[in-house]
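Coordinate-derived values only; no laboratory data. All of these numbers come straight from a predicted model, not from anything done at the bench. Backbone-built Cβ (ideal geometry, glycine too); neighbour counts: all protein chains shown.
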Amino acid sequence: MRVTRRYHFCASHRLHRAAFTDQENRELYGKCSNPYGHGHDYVLEVTAAGPVDAATGQVVHLPTLDRLVSEQVISDFDHRYLNADVAEFAGAIPTSENIIRAIEDRLRGRWPGVFPGAWPRLERIRLRETKRNVFELRS
Amino acid sequence: MLLTRRAEFSASHVCAQRALTAEQNKEIYGAAANPSGHGHNYVLEVTLEGEPDPETGMIFDLKKLKDLIQQTVIDPMDHRFLNYEVPPFDKVVPTTENVAAEIWKRLQPHFEIGRARLNNVRLYETEDLYVDYPGAGAEDSR
């Protein structure tokens with residue numbers, strides 16, 4: 001069974017490669033390359049999969065999952081300028097592809113520490129930048 | 001091909017194990033362990049899988065599917081306190097996981113014959129929490 005929890009964070013970013021000219025950046029990233037950045041209300045879905053524990057009726061202990069996502073992602077990403085405030089984007093452009101990878105690395109890094117058993121496993125991460133742009137990673 | 005029908009019901013529940021103390025239940029279920037219960041507007045998505053009948057162009061009669069969901073799930077669960085009024089939740093903790101599995105159990109026998117198979121039950125407890133149950137697999141027995 002899969003349990004999906006939805007989280008929210010608001011952040012700004014700018015898509016811009018220093019090695020490119022302004023014109024090249026404009027062609028590659030369009031409005032996303034505007035110099036002062038812009039923001040989104042990101043929606044993050046985290047899916048845990050596993051058997052339902054016969055005693056608790058749960059696949060995943062939600063307070064533990066909430067704490068993990070809050071500590072590893074929301075507290076660092078929410079109401080930040082990703083390019084300047086989040087370490088991963090000092091060297092990488094904060095496209096949603098790179099953001100979802102950074103989130104996966106953060107969650108996978110701590111997952112065995114908070115969920116030491118075989119289950120639940122982190123099965124899927126989904127990041128909605130806008131209603132029209134959605135990115136997904138499956139294990 | 002997949003076909004999904006959505007339905008809604010509102011119900012109350014309390015998540016707690018009788019064998020545990022109030023404190024232990026709070027640790028496991030958080031606010032959902034409040035003894036007097038609380039409620040949700042559940043949203044159910046039932047997904048069928050199959051190939052359309054060449055003559056009717058349908059995987060399954062949508063009116064029949066609507067009636068089936070109504071009779072097996074909505075009528076018994078809507079505006080009920082699950083723990084007190086809807087077996088097996090007098091004995092089984094009505095977590096979203098267990099409610100989804102119970103809905104699967106109620107619907108699945110109706111799709112054992114015919115072109116459509118029950119593919120998935122998705123149950124939203126809130127907009128920010130949902131479970132997907134595609135039937136019992138190896139990982140569901142421990």
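Brief remarks on what is shown
- With a 10 Å cut-off around each Cβ of B:124-132, the average count of Cβ atoms from other chains is 5.
- Estimated translational D of the stretch B:2-135 in µm²/s (Stokes, Kirkwood radius over Cα pairs; 4 °C; 1.567 mPa s): 82 µm²/s
- Over the protein assembly as shown, the hull volume per residue, using the convex hull of the C-alpha atoms, is 161 Å³.
- With a simple spin-label model that places each label point 7 Å from the Cα along the Cα-to-Cβ direction, the separation between residue A:137 and residue A:95 comes to 1.5 nm.
- Mean separation of Cα pairs under 8 Å and 6 or more residues apart, divided by the residue count, gives the stretch A:1-110 a relative contact order of 34 percent.
- Here the spin labels are modelled as points 7 Å beyond Cα on the Cα-Cβ line, and at residue B:71 and residue A:41 they lie 4.2 nm apart.
- Simple label model, 7 Å out from Cα along Cβ direction - residue B:84 to residue B:19, nm: 2.6 nm
- Peptide A:41-53 is shielded by partner chain Cβ atoms: per residue, an average of 3 of them sit within 10 Å of its Cβ.
- Cβ-derived FRET efficiency at R0 30 Å, residue A:24 paired with residue A:110, nearest 0.05: 0.20
- Take every Cα pair under 8 Å whose residues are at least 6 apart in sequence, average their separation, divide by the length of the stretch B:2-135, and the relative contact order is 31 percent.
- Applying a DSSP loop filter and a limit of 14 other Cβ atoms within 10 Å to the trypsin sites (Lys or Arg not before Pro) in the stretch A:1-70 leaves A:17.
- Restraint check, A:31/A:131; B:26/B:66; B:63/B:105, Cα-Cα greater than 26 Å: B:26/B:66
- Test item: B:114-121 mean partner chain Cβ contacts at 10 Å: 0
- Taking only Cα atoms of chain A, radius of gyration then Dmax in Å: 16.8, 61
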